[in-house]
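The values are calculated or read from the model by the stated rules, or taken from the named source; none is laboratory data. Quantities reported herein were computed from a predicted structural model and do not represent experimental measurements. Virtual Cβ from ideal backbone geometry, glycine too; neighbours counted across all protein chains shown.
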Amino acid sequence: MDRFERTKKFIDLTKVEPGKKIKLCEVETGWAQNEEAKFLGKGELKERAHKLLEENRAQLTEAQDLLYANHTYSILIILQGRDAAGKDGTIKHVMSGVNPQGCRVVSFKQPSTTELAHDFMWRQVVELPEKGMIGIFNRSHYEEVLVVKVHPSLLERQNLPAGKRNEEFWRDRYEDISNYERYLVRNGTIILKFFLNVSKKEQKKRFLERLEVSDKNWKFSESDLAERDYWDEYTKAYEDMLNNTSTKWAPWFIIPADYKWFARALVGDIITTSIYALGIKCPVVDEQKKQAIETARRKLEAE
């Protein structure tokens, strides 16, 4: 089985098809995603996942070199998920072999006064990856239809024109996001959107680790625990996001995130395969460049 055939299984398993209505209560967050996985068992699947992740690290390094040399496409990876879903760890483990010169991670926190003085996507637009680069958004413009939707009082800081903040308002935001992403894709930005889907039980476990393990105390935030009280509201907001912004040009992938090794293997394989699927080749130099290379070679040999 080649990588494209194998990854197609992962894509079919996790991809949110446009028009399909997702209910997160019906989506598995663990490793037993299908009969094949159940047949292999957790131990065998975990071993294969670690091996797959190592393969993808090496292949992603090569794919990044081709991307950089070709200088036609850029890759935008968007990671969304609840607190403790594993976004930071996914970035660290999947991208560990990538040349830092060709990859940049941007984490979006609470917007500043300057950012609030612009439109709701402005701060992401200025951080978009250049041609030949891989950009990773740890959270993104989708916070504007997630945390802002769960806490609509945040809209008061955005200096918006008067009007009702009803369902039509949110539909307009979904439409604006999808249209802008289409524009980016038409201009050579490949958008890969991953929702790390962690269960409430697993999130509780990870929060407790942050409280009980001294080396992880720094990760704990009181705001994370406060947001947990809005679990159902966030579930609805995530469902609306997935159902309204998974498009042909920028689909969402729902990544089961209760087992970090499984989530990282899936994300890494989809990223690597998506870059290879572009069919990028190493640039071919013209005759003038070849002559310059030959001249330089002779000069060096004559020293």
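Can you pull out the residues in region 116-148 that are of a type in the set (A, V, I, L, M) and in contact with a His (Cβ under 7 Å, 6 or more places away or on another chain)?
Step one: filter region 116-148 for residues of a type in the set (A, V, I, L, M), giving 116-117, 121, 125-126, 128, 133-134, 136, 145-148.
Passing the criteria: only 121.
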*Restricting attention to region 162-195, which residues are touching a residue at least 12 places away in the same chain (Cβ under 8 Å) and of a type in the set (Ser, Thr, Tyr)?*
174, 178, 180, 189
*The one condition in (1) in contact with a helix residue (DSSP H, G or I) (Cβ under 6 Å, 6 or more places away or on another chain); (2) part of a helix (DSSP H, G or I); (3) surrounded by fewer than 18 Cβ atoms within 10 Å (Cβ to Cβ) that residue 268 fails to fulfil*: (3)
*Residues 64, 59, 124, 80: which one is at pLDDT 95 or above, in a helix (DSSP H, G or I) and not small (Gly, Ala, Ser)?*
124
*Search region 101-116 for residues being assigned to a loop (DSSP other than H, G, I, E, B) and exposed (fewer than 12 other Cβ atoms within 10 Å of the Cβ), and hand back the single one that is modelled with the highest pLDDT.*
112
*Of (1) more than 19 Å from residue 274 (Cβ to Cβ); (2) touching a Phe, Trp or Tyr at 6+ places or on another chain (Cβ under 6 Å), residue 194 satisfies all except one. Which?*
(1)
*Per-region count, region 196-218, residues out of contact with any Asp or Glu (no Cβ under 6 Å at 6 or more places or on another chain) and either surrounded by fewer than 12 Cβ atoms within 10 Å (Cβ to Cβ) or free of Cβ contacts under 8 Å to residues at least 60 places away in the same chain (or both)*: 13
*Checking residue 248 against (1) touching a Pro at 6+ places or on another chain (Cβ under 7 Å); (2) crowded, with 17+ Cβ neighbours inside 10 Å, which single condition isn't satisfied?*
(2)
